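Contents: one structure, followed by commentary.
None of the figures in this text is laboratory data; all of them are computed from the coordinates on show. Everything numeric here is computed off the predicted structure, so don't read it as measured data. Using ideal geometry, Cβ is built from the backbone for each residue, glycine included, and neighbour counts are taken over all protein chains shown.
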Amino acid sequence: MKNNTYFEDMKRISHDWEKARVERKSRKQSIIDTFGWDSKELKDWYEEDKAAAFPYPQGASKAYRAWAASISRLEDELEMDDFLWDNEVNDFIDTLRKAGIQTFVYTNQSTAVMENLHAFAAVGCTLDGLCTITRRETRWGDEQPSEVMGIRFNLN
């Protein structure tokens, strides 16, 4: 799971987008200083900025963050501990499938968990059953692994 080309490409593309965003923002001030607030150049800049949307929808971004967190916690399987809104589920599952992920463990404990469980089923995931996973986090000096209860889903 650690060396996943799809997620590594997402990371690279996102970093490139952020670098371009920073450059674009700095160029804005230069345009204002040179041409003024009412200039055609600034209006063009606003159009360019508006067109430069982040390359991934929120559900895909949550899939990436779940993968990255699972890697950092030395988990053997992808763990999703965040809640997905209705408009994020398709992109989340689609991204996992594109990344070649076969299963994931859903560990979210919010009051709206049932909504996500049904949404996963609606996009073709099958519930494999209850499970526990071992999470190894390094924070505040506590490096003891912890067992986390979850529900395993199969994406096939």
Ascending count of other beta-carbon atoms within 10 Å, so fewest first, for Lys40, Lys62, Lys28: Lys40, Lys28, Lys62
What's the magnitude of the charge dipole for segment 58-154 around its Cα centre, counting Lys and Arg as +1 and Asp and Glu as -1 at the beta-carbon? Answer in Debye, nearest 20. 180
What is the fewest-to-most order of Met149, Met80 by other Cβ atoms lying within 10 Å of their Cβ? Met149, Met80
In deg cm²/dmol, rounded to the nearest 500, the helical mean residue ellipticity at 222 nm of the chain, built from -39500 (n - 2.57) for every DSSP H run of length 4 or more, is -16500 deg cm²/dmol
Ranking of Leu42, Leu96 by count of other Cβ atoms within 10 Å, fewest first: Leu42, Leu96
The number of Lys pairs in the chain whose alpha carbons lie under 20 Å apart, excluding pairs fewer than 8 residues apart on one chain, is 16
extent check for the chain: Cα max minus min per principal axis, descending, whole Å, gives 62, 41, 31
Once R0 is set to 30 Å, what does the formula 1/(1 + (r/R0)^6) return for the Cβ-Cβ distance between Asp16 and Arg65, expressed as a FRET efficiency to the nearest 0.05? 0.95
Among the chymotrypsin sites (Phe, Trp or Tyr not before Pro) within segment 1-76, which fall in a DSSP loop and have no more than 16 other Cβ atoms within 10 Å of their own Cβ? Trp37
Any idea what the dipole of segment 53-103 comes to, in debye rounded to 20, about its Cα centre with Lys/Arg Cβ at +1 and Asp/Glu Cβ at -1? 220
Let me have the relative contact order for the chain, percent, based on Cα pairs under 8 Å that are six or more residues apart. 21
Farthest towards the positive end of the dipole of the chain, among His118, Val22, Thr134 and with Cβ unit charges of +1 on Lys and Arg and -1 on Asp and Glu, lies the Cα of Val22
In a Gaussian network model over the chain where Cα atoms closer than 10 Å are linked, find which of Ala99, Ala119, Ala20 has the largest mean-square fluctuation. Ala20
